[in-house]
Amino acid sequence: MSSLEVQPVTPVIGAEIGGIDLAQPLDDETAAALNQALLDHQVLAFRDQHVPLDRLIDFARHFGHVSLPPVGQPHPQHPEAMIFDLSAPRGAGADTWHVDGVYMKAPPKATILQAITLPKLGGDTFFANMYAAYEALSPAFREMLAGLRAVHDVTEPMRRAINKEIYEPEEFETMRKENPPVDHPLVRTHPETGRKSLFLSENTTTKILGLTDRENELLLPFLLNHVKSSEFQCRVRWDPHTIAFWDQRCTLHYAVPDYCERRVMYRLSLDGDVPH
């Protein structure tokens, strides 16, 4: 086992990981320690990691099956990896607080993001702890949310972006047919920790089932504003060769669209379970 160093960056979420070279083979003991760090801190940042994509894929496979989500541009040599190549990020779907792949019946369990090309300034990513957001609600409010399910529609971010010519109308219609809306528990239980967290996404959650339109107009914005509180957050400032690894089952994230230079990232998604 390597001399793994875990340094929390806030009291509630995020840790910097040192004492490890992700380009080297990973032993089972270190993989188990990293998985526990992920469960404890939800977001892990690795600095100064010179890792070829094939080696990063090998690393990711210690934690689950790697596959390309339905929405995304695959890497030409490694089709299980996704490429983000942006210089005009606003409206591309990530400039809201969201969960990746929440529109899938079994959303990803975790994501690994590698910085390849970065703007001189900007392009940070915020993360929010959804355990903490849930636990900050009153017991009476948590009881009210129990058993509710929310609908998620992948075409919502596309609908907002379509006038900006990010997506062609044909892509919009195809995506709607291939990925019809799904519903998940509004409060999900983490399959490994057993803890409860809020599970909703600003860019794809369209309504809460069983509520009237008026009730949705009141409750959904309240929850989406609640989860954005700074007390639940950490911020990853990307440097060259930074890699972030986060648990999608209990976090939201927000890619700050404050840059106009090229930003290229490689993303790996680990298959997850149906939320319960």
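List of remarks:
- Those residues of the range 1-56 which are in a strand (DSSP E or B), of a type in the set (A, V, I, L, M, F, W, C) and touching a Gly at 6+ places or on another chain (Cβ under 9 Å), in sequence order: 6, 43, 44, 45, 46
- Residue tally, condition free of Cβ contacts under 8 Å to residues at least 12 places away in the same chain and either crowded, with 19+ Cβ neighbours inside 10 Å or closer than 15 Å to residue 101 by Cα (or both), over the range 170-186: 1
- Of all residues making up the range 101-155, the number that are more than 30 Å from residue 53 (Cα to Cα), among the small types (Gly, Ala, Ser) and in contact (Cβ under 8 Å) with a residue 40 or more places away in the chain: 5
- Odd one out for residue 213, checked against (1) at pLDDT 95 or above; (2) within 19 Å of the chain's Cα centre (by Cα); (3) not aromatic (Phe, Trp, Tyr): (2)
- Only one entry in 231, 217, 261 is surrounded by fewer than 22 Cβ atoms within 10 Å (Cβ to Cβ) and either within 19 Å of residue 56 (Cβ to Cβ) or in contact with a helix residue (DSSP H, G or I) (Cβ under 8 Å, 6 or more places away or on another chain) (or both), namely 231.
- Tally of residues being free of Cβ contacts under 8 Å to residues at least 12 places away in the same chain and either in contact with a Cys (Cβ under 8 Å, 6 or more places away or on another chain) or acidic (Asp, Glu) (or both) across the range 201-220: 3
- Within the option set 174, 204, being more than 29 Å from residue 39 (Cα to Cα), of a type in the set (Val, Ile, Thr) and modelled with pLDDT under 95 holds for one residue only, 174.
The values are calculated or read from the model by the stated rules, or taken from the named source; none is laboratory data. What you are looking at is a predicted structure, and each value in this text was computed from that prediction instead of being measured. Note that each Cβ is placed from the backbone with ideal geometry, even for glycine, and that neighbours are counted across all protein chains shown.
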